[in-house]
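One structure below.
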Amino acid sequence: MANLTAKTPFDALLPIEAGDVRLSEVTPDRITWIAPQKGQMAKVSRALDKQLGADFPSPNTHANGLVWFGPDQALVLGTALKPIAGAAMVDQTSAWACCALEGAGATDVLARLVPIDLRDTAFGAGAAARTLLGHMNCVLLRTGPTRYEVMVFRSMAATLVHEVERAMTMVAARAEMAG
């Protein structure tokens, strides 16, 4: 009989470091997609506030584990939700690979990979975006001045590590040459 062992998406791939940047795995206990039914946004937002202490997120933001995921859609990270009347809810925990990129050069690394403005004035702490990282769809969260969280489909975990590690190495080499 086979002996199965659960593995995280980045098992044996992370953490990695280059220069002053580190890429490490983040493993939320739960990831739930939630979408209010037509005309139920206010009711669902109140229910989320009651359970999580935050309203349904505004476009391109995240707070208290609630991440904007598109028009009338959000992801809830880390917390198991009780059912909410008037909302479609789907557990997507096993579908995503989540990691944190942090350090003084984190923005420079991501600037090589994502087609969005990462300056503090455009994408400061609390910002969220569905965008591309290289050729992969991703969810990008700014969680601090020099910290980002990146979510990709689980099947893209190794590709994400390859792309980010390559950019980390280039940024570290450039810093070494300059300094």
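The values are calculated or read from the model by the stated rules, or taken from the named source; none is laboratory data. Everything numeric here is computed off the predicted structure, so don't read it as measured data. Cβ: placed from backbone, ideal geometry, glycine included. Neighbour counts: every protein chain shown. Just so you know, the surface numbers come from the protein's heavy atoms only, side chains and all, with ligands and any DNA or RNA stripped out. Shrake-Rupley method; radii C 1.70, N 1.55, O 1.52, S 1.80 Å.
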Subset of region 93-109 (residues that are within 12 Å of residue 20 (Cα to Cα), hydrophobic (A, V, I, L, M, F, W, C) and in contact with a helix residue (DSSP H, G or I) (Cβ under 6 Å, 6 or more places away or on another chain)): 109
Residue pairs meeting the criteria (Cβ under 6 Å; at least 6 apart or on separate chains; first touching a residue at least 12 places away in the same chain (Cβ under 8 Å) and at negative phi, in region 70-87; second open to solvent by 50 Å² or more (accessible area, probe 1.4 Å) and assigned to a loop (DSSP other than H, G, I, E, B)): 80/30
Every residue from region 99-113 that is open to solvent by 10 Å² or more (accessible area, probe 1.4 Å) and either assigned to a strand (DSSP E or B) or in contact (Cβ under 8 Å) with a residue 12 or more places away in the chain (or both): 102, 103, 104, 107, 108, 112, 113
Tally of residues being within 21 Å of residue 18 (Cβ to Cβ) and either without any contact (Cβ under 8 Å) to a residue 12 or more places away in the chain or of a type outside the set (Val, Ile, Thr) (or both) across region 114-140: 6
Every pair of residues 6+ apart whose Cβ atoms lie under 8 Å, when the first sits in region 42-54 and is charged (D, E, K, R) while the second is surrounded by fewer than 15 Cβ atoms within 10 Å (Cβ to Cβ): 43/85; 43/86
Filter result (modelled with pLDDT under 95 and basic (Lys, Arg)) within region 1-49: 7
